[in-house]
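Engineer: First the structure, which I've put down as structure tokens, then a few questions once you've had a look.
We did not get these values from a lab; they are worked out from the coordinates using the rules stated. In this text, all values refer to a predicted model and were calculated from it rather than measured experimentally. Every residue, glycine among them, receives a Cβ derived from its backbone with ideal geometry; neighbour counts consider all protein chains shown.
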Amino acid sequence: MKNRLNINFLGLELKNPIMTASGCFGYGLEYKDYFDPNELGAAVLKGITMEPRSGNKGTRIAETPSGMLNSVGLENPGIEEFKKIIPSIKKEIDIPLVANINGKILEEYIEIAKEIEKIEEIEMVELNISCPNVKDGGMAFGANPDMARVVTKEVRKVLTKPMIVKLSPNVTNIVEIAKIVEEEGADGIALINTLLGMAIDIRKRKPILGNIMGGLSGPAVKPVALRMIYQVTQAVSIPILGMGGITSTNDAIEFFMVGASGISLGTGMFGNPRLPIEIKKGLEEYCIENNIENISEIVGAAHSDGGVAYRERMNRIAKKS
């Protein structure tokens, strides 16, 4: 059967546009009991830092109406252990693997980027600038235009692999930040990361999460994600990896229509571990029913020109890759 879902994303030929959201797929093997990870287009692995982290203390997850709050705290084994386990992961998951890199200060971002650059099993990098900058009082790198510029620019200097910059939605002007990271060398943009929120235990009269506040994800954030992707698509000329509340084929189609070239699935997989397979099948059926040769034909379709201008830009980028 003809593959109507294959795409070129940042120079890589993917068999479909479905990826995982960092932090929701572990290091790739945790979902093997539910589906073959090789069915995905690519896998975005759990965030990695220079040093091992045990994560935040206390309650880390709280269910909310139409969503979930998390405050895991980037629990991970650190880059040295990551380098040891990644070859065995690649043997079982023969699709592009994406490393999500994080740092507390600029220097950590630079150092971990240098290490990731050496790992041949990693084909793309997701630069998470939603992390708090310790030197700046805890403000996320991506919440400040100047810091977003500096970290993107400096990491780009040491990284030749395709780089997606994951932006924080907790900003006043997402378009401004998106344009800055594009100017400083981002190959793509990931939208959206979680929105800052909290929940209260009315019996204990205190916040549920041990860290008080956490990241809100799930269907509740979908309208915000769609709005931001729609706005950013009109302002940049690089592909967007869309995420935020995708739990069905229809959701995925909406993300493509506002301008996402690929999608990442996260919170929706907690309730339905086979969600990627269901959406893949649904997209195939949608393309057949609507006489669509390739899913990329609907990217940006909800824009006033039907996405023609944006798709032309994406096609030019793909041909250069």
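Engineer: Of N173, I208, N290, which is farthest along the charge dipole of the chain in the positive direction, counting Lys and Arg as +1 and Asp and Glu as -1 at C-beta?
Structural biologist: Positive-most Cα among the choices belongs to I208.
Engineer: Post the alpha-carbon centroid distance, segment 268-321 to segment 173-205, in whole angstrom.
Structural biologist: Measuring centre to centre over Cα atoms gives 23 Å.
Engineer: Sticking with this structure for a sec: Could you tell me which helices of the chain pass both thresholds, a Cα extent of 15 Å or more along their own axis and a mean Kyte-Doolittle hydropathy of at least -0.5, with helices taken as whole DSSP H runs?
Structural biologist: 106-117, 145-158, 222-233, 275-289
Engineer: Which GluC sites (Glu not before Pro) from segment 66-101 combine a DSSP loop assignment with at most 16 other Cβ atoms within 10 Å?
Structural biologist: Answer in residue order: E75.
Engineer: Treating only the Cβ atoms of Lys and Arg (+1) and Asp and Glu (-1) as charged, compute the dipole magnitude of segment 31-95 about its Cα centre; round to the nearest 20 debye.
Structural biologist: That gives segment 31-95 a dipole magnitude of about 240 debye.
Engineer: Additional query: For the chain, what is the percent of antiparallel DSSP beta bridges, rounded to the nearest 5?
Structural biologist: Counting only bridges with both partners in the chain, antiparallel ones make up about 45 percent.
Engineer: Which of the trypsin sites (Lys or Arg not before Pro) found in segment 15-91 are loop residues per DSSP with 14 or fewer other Cβ atoms within 10 Å of their Cβ?
Structural biologist: K32, K57
Engineer: Indicate the gyration tensor shape class of segment 173-321 (rounded, prolate or oblate), computed on the Cα atoms with a ≥ b ≥ c the square roots of the eigenvalues: a/c under 1.5 is rounded; otherwise a/b larger than b/c is prolate and the rest oblate.
Structural biologist: Judged from the Cα gyration tensor, segment 173-321 comes out oblate (a/c at least 1.5, b/c at or above a/b).
Engineer: Where Lys and Arg each count +1 and Asp and Glu each count -1, what net charge lies around E75 among other residues with Cβ under 10 Å from its Cβ?
Structural biologist: In short, +3.
Engineer: Rounded to the nearest 20 debye, what is the charge dipole size of segment 15-161 about its Cα centre when +1 sits on each Lys and Arg Cβ and -1 on each Asp and Glu Cβ?
Structural biologist: 300
Engineer: Now a separate question. Set Lys and Arg Cβ to +1 and Asp and Glu Cβ to -1, take the dipole of segment 165-321 about its Cα centre, and tell me which of A260, P276, H303 lies farthest positive.
Structural biologist: Working it through, the farthest residue towards the positive pole turns out to be P276.
Engineer: Can you check how the C-alpha radius of gyration of segment 7-320 compares to 2.2 N^0.38 Å, as a plain ratio?
Structural biologist: Compared with the compact-globule rule of thumb, segment 7-320 sits at 0.94.
Engineer: Let me check I've understood the local charge: for D94, count other residues with C-beta under 15 angstrom from its C-beta, Lys and Arg +1, Asp and Glu -1. What total comes out?
Structural biologist: So the surrounding residues net to -3.
Engineer: Also, quick follow-up: Would you kindly calculate the mean projected area, averaged across all directions, of the convex hull enclosing the Cα atoms of segment 2-94, in square nanometres?
Structural biologist: Convex hull of Cα atoms, orientation-averaged projection: 8.3 nm².
Engineer: Here's a follow-up. Take segment 109-245, drop everything but the C-alpha atoms, weight them equally and run the Debye formula without solvent; then report log10 I(q)/I(0) at 0.14, 0.20 Å⁻¹ to two decimals.
Structural biologist: Treating every Cα as an identical point scatterer, log10 I(q)/I(0) equals -0.67, -1.17.
Engineer: By a straight-distance test (C-alpha under 16 Å), which aspartates and glutamates pair with K161 as possible cross-link partners, with residues fewer than eight away in the same chain excluded?
Structural biologist: Here the aspartates and glutamates satisfying the reach criterion relative to K161 are E13, E111, E115, E117, E120, E121, E123, E126, E182, E184, D187.
Engineer: Could you pull out every one of the lysines with an alpha carbon less than 17 Å from that of K281, ignoring same-chain neighbours closer than 8 positions?
Structural biologist: K2, K15
Engineer: Which lysines have a Cα lying under 16 Å from the Cα of K157, excluding residues fewer than 8 positions away in the same chain?
Structural biologist: Candidates past the 8-residue exclusion: K114, K118.
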